[in-house]
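The values are calculated or read from the model by the stated rules, or taken from the named source; none is laboratory data. Small disclaimer: the values here were computed from a predicted structure and weren't measured. Neighbour counts are summed over all protein chains in view; Cβ atoms, including those assigned to glycine, are modelled from backbone coordinates with ideal geometry. Remember, those area values only see protein heavy atoms, side chains included, never the ligands or the DNA or RNA. Shrake-Rupley method; radii C 1.70, N 1.55, O 1.52, S 1.80 Å.
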Amino acid sequence: MSYVSPLMSLPGAVAGEEPDEGVAAHYGDLFREQRRLADGGGFVDLSHRGVVTVTGADRLSWLHLLLTQHVSELPPHQATEALILSANGHIEHVLYLVDDGETVWAHTEPGAQGALIAYLESMKFFYRVEVADRTEACAVVHLPAGSIVATPEGVAVRETPHGRDLFLPRARLEAFAAEHGPAVGVLAHEALRIEAHRPRLGLETDHRTIPHELGWIGSAVHLQKGCYRGQETVARVHNLGRPPRRLVFLHLDGSEVKIPVHGEPVRLASDGAEGRPVGFVTSSARHHELGPIALALVKRNVPVDAALLAGDGTAAAQETVVEP
């Protein structure tokens, strides 16, 4: 990834790793940054994320036909999230969006905006909509819940229980940091995301993930709306079956020096470190209060009270996120 945030020049900045290259993982003190963010202080530079806008008189009714979320009557300034699925119901895109009364603003995973825009453009037909890539013009900045920082005038904002996402003009990013710092790295943001059991595209998902497995039914998928691509799978699993996998939260053994990372296997403790994998770690972090934690995707039939081993044999106690 060629993008490098101008805030990487701040003192102590350590570069993030995939999928968060280009912004700071931390600024020298990971746990202090986590505590600051949890207490409503600081901000997170998410300027590597893709930004897409949709304008035009038909923007909401048109998006309603394409997204899993009910957005045809979305009130101005009300944040929501939505998915775009494949024909087989697998997750392809996640949009974190808000309508300001004239424009739908959405941010998505770093580098995903190109494919997202290509799909949206292919579905325009006769609708009065314009889709634009605003990534080069706008930087996403996250203010945590409880922040007393005022939203800059004229800036689109997406407010949720977890905080506010600002679509800030890139030219104002350094000035914003100087006025409202200190900055907090993405590792702190990720630790709080994992603690809150919130899935992320590309980490909690693979090529066959369906929304039910991650608990996105309700928050990102509306079950009482008209047709959209992949809806048959959503309805069939909801009404007739259960998802093949389920998201779990893991408390990891804090005595281990290394914590399991994305893609490492999860096994039943009763089968030992050489047993057959029953899932994989999707995200992990060192939390300032909980210690090492993770999210994992496991087979639905894994008992909810089963002790697990993650990675090379790290003991893991599970909490249910998605019911089996």
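Brief remarks follow.
- Of all the listed residues (Leu143, Leu120), the sole one being modelled with pLDDT of 95 or more and closer than 26 Å to Val14 by Cβ is Leu143.
Residues are listed down the side, and each one gets a yes or a no for (1) under 30 Å from His288 (Cα atoms); (2) open to solvent by less than 30 Å² (accessible area, probe 1.4 Å):
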residue	(1), (2)
Arg172	no, no
Ala177	yes, yes
His180	yes, no
Gly202	yes, no
Arg208	no, no
Gly215	yes, no
Leu223	no, no
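- Check on Ala306, modelled with pLDDT of 95 or more and surrounded by fewer than 20 Cβ atoms within 10 Å (Cβ to Cβ): yes
Condition check ((1) of a type outside the set (Phe, Trp, Tyr); (2) crowded, with 16+ Cβ neighbours inside 10 Å; (3) free of Cβ contacts under 8 Å to residues at least 60 places away in the same chain) across all residues:
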{"site": "Gly40", "(1), (2), (3)": "yes, no, no"}
{"site": "Asp45", "(1), (2), (3)": "yes, yes, no"}
{"site": "Gly50", "(1), (2), (3)": "yes, yes, no"}
{"site": "Trp62", "(1), (2), (3)": "no, yes, no"}
{"site": "Pro76", "(1), (2), (3)": "yes, no, yes"}
{"site": "Ile84", "(1), (2), (3)": "yes, yes, no"}
{"site": "Leu95", "(1), (2), (3)": "yes, yes, yes"}
{"site": "Val104", "(1), (2), (3)": "yes, yes, yes"}
{"site": "His107", "(1), (2), (3)": "yes, yes, no"}
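- Residues that are basic (Lys, Arg) and either part of a strand (DSSP E or B) or within 28 Å of Glu213 (Cα to Cα) (or both), drawn from the stretch 42-95: Arg49
- Among the residues listed as Val257, Val261, Val321, Val278, the single one being of a type in the set (A, V, I, L, M, F, W, C), open to solvent by 30 Å² or more (accessible area, probe 1.4 Å), free of Cβ contacts under 8 Å to residues at least 60 places away in the same chain and touching a strand residue (DSSP E or B) at 6+ places or on another chain (Cβ under 7 Å): Val261
- Test for Phe167: is it within 14 Å of Val141 (Cβ to Cβ) and either open to solvent by less than 20 Å² (accessible area, probe 1.4 Å) or out of contact with any Ser or Thr (no Cβ under 9 Å at 6 or more places or on another chain) (or both): yes
- Candidate set: the stretch 282-303, residues that are buried (at least 21 other Cβ atoms within 10 Å of the Cβ) and of a type in the set (A, V, I, L, M); chosen: the one nearest to Ile217 (Cα to Cα): Leu297
- Cβ pairs under 8 Å, 6+ apart, first in the stretch 151-175 and free of Cβ contacts under 8 Å to residues at least 24 places away in the same chain, second of a type in the set (Ser, Thr, Tyr) and open to solvent by 20 Å² or more (accessible area, probe 1.4 Å): Gly163/Ser147; Arg164/Ser147; Arg164/Thr151
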